[in-house]
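Asker: Got a structure for you, questions after.
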Amino acid sequence: MSPTAVRDEVSGNGASTIGVLKIGQVARQAGLGVETVRFYERQGLLEEPPRTDAGYRQYPTETVSRLRFIQRAKALGFSLAEIKELISLRLDFPADADADADAGEVRSRAQGKIDEIEAKIGDLRRMKSALVKLVSACDGASSTDYCPILTALEGDIP
């Protein structure tokens, strides 16, 4: 390989560098949009990657795994701030550290998320019960002046 080709490969000017992905490649492999990848970078969920001389981001291949981690955590109901904390736990406790300490922290956070979900389910059940009562009280045939649903929303019925 010529010296110019080697320089171009290392700097990202031309042939792609092994183990380095452009933002579009990272986004495609993770099933996300490019703007989402940029957003996660701005939020601190991804480290800012090095750039080529032309300003193109050069992401390590591990970024795809990080993005999938973020997506799975979001699907489980974790906020971006909570996901950032989980990522921090992974990075702050290397494999040779006290595994019980970091795993216990992760378990505690997951249990907290379960508790939040249970509370939301309770709230949703109460909301459903209230709506069922309102719908059953409404015959759907009278004018809106006498609609029990609208009256309840206006605060005239507790």
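Asker: Whether any residue in segment 126-135 is closer than 30 Å to A73 by Cα, surrounded by 10 or more Cβ atoms within 10 Å (Cβ to Cβ), at pLDDT 90 or above and of a type outside the set (K, R) is what I want to check.
Answerer: Yes.
Asker: OK, next. Quick check on my filter: what residues within segment 36-75 are of a type in the set (G, A, S), farther than 15 Å from L91 by Cβ and touching a residue at least 12 places away in the same chain (Cβ under 8 Å)? Steps first, answer last, please.
Answerer: Initially, segment 36-75 is screened for residues of a type in the set (G, A, S), giving 44, 54-55, 65, 73, 75.
Filter once more, so that each one left must be farther than 15 Å from L91 by Cβ: 54-55, 75.
Across segment 36-75, the qualifying residue is only A54.
Asker: Which of the residues belonging to segment 42-77 are basic (K, R) and either farther than 26 Å from I114 by Cβ or surrounded by 15 or more Cβ atoms within 10 Å (Cβ to Cβ) (or both)? If you could, list the steps in order and put the result at the bottom.
Answerer: Filtering segment 42-77 for residues basic (K, R) gives 42, 51, 57, 66, 68, 72, 74.
Residues satisfying the conditions are R42, R51, R57, R66.
Asker: Would you check if A101 is over 30 Å from R38 (Cβ atoms), in contact with a Phe, Trp or Tyr (Cβ under 8 Å, 6 or more places away or on another chain) and either at pLDDT 95 or above or of a type outside the set (S, T, Y) (or both)? Break it down stepwise before answering.
Answerer: Working: over 30 Å from R38 (Cβ atoms): yes; in contact with a Phe, Trp or Tyr (Cβ under 8 Å, 6 or more places away or on another chain): yes; either at pLDDT 95 or above or of a type outside the set (S, T, Y) (or both): yes.
So A101 passes the test.
Asker: While we're looking at this one, here's another question. From the list R72, R90, which one is in a helix (DSSP H, G or I), at negative phi and modelled with pLDDT of 95 or more?
Answerer: Working: R90 fails: modelled with pLDDT of 95 or more.
It is R72.
The values are calculated or read from the model by the stated rules, or taken from the named source; none is laboratory data. Because the structure is predicted, anything quoted here is derived from the model rather than measured. Using ideal geometry, Cβ is built from the backbone for each residue, glycine included, and neighbour counts are taken over all protein chains shown.
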